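> Pasting a structure below so you can have a look.
Any read-out appearing in this document is the output of simple, stated calculations on the displayed coordinates, not a laboratory observation. Just so you know, these numbers come straight off a predicted model, no measurement behind them. For neighbour counting, all protein chains shown are included, and Cβ atoms are generated from backbone atoms with ideal geometry for every residue, glycine included.
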Amino acid sequence: MEMEQKHASLGIASFVISILCGISMFALFGIAGIMEATSPGGIDEESIEASLLGLLLMALLFFHLLSIALGVAAMFQKQKKKLLAILGVSFSTLVILITLFLMGLGLLMDS
């Protein structure tokens, strides 16, 4: 009689972190876009609001890297399902790549 495999706890954590941080990153970019559109001349790069947005962005990127690390660790656990670990790593990697693309696009538009 075989026992049913369970999802790796690290994989579940990776998946949940990637989803929550992905939604938060989307909201952060939305807030930054609204602030840019409603401020005459755009956001002052030295303002407290811009600094806070930057700190939040870096924190979310850190959590995405944490999600990737947890997902990779979960992939090496034997006798556990790996689906959520793979999805967590995939979503976090995708969000990081999209964020880097948008940051690069923003830098190109400023110059």
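> Could you please find all residues in segment 24-44 being of a type in the set (Asp, Glu) and over 23 Å from the mean Cα position of the chain (by Cα)?
Answer for segment 24-44, where residues must be of a type in the set (Asp, Glu) and over 23 Å from the mean Cα position of the chain (by Cα): just Asp44.
> Turning to a different aspect of this structure: Which of the residues spanning segment 53-86 are touching a residue at least 40 places away in the same chain (Cβ under 8 Å), not in a helix (DSSP H, G or I) and not charged (D, E, K, R)?
Gln77, Gln79, listed by residue number.
> Name the one entry in Val89, Val72, Val95 that is under 25 Å from Glu4 (Cβ atoms) and either within 11 Å of the chain's Cα centre (by Cα) or surrounded by fewer than 14 Cβ atoms within 10 Å (Cβ to Cβ) (or both).
Result: Val89 is the single residue among Val89, Val72, Val95 that is under 25 Å from Glu4 (Cβ atoms) and either within 11 Å of the chain's Cα centre (by Cα) or surrounded by fewer than 14 Cβ atoms within 10 Å (Cβ to Cβ) (or both).
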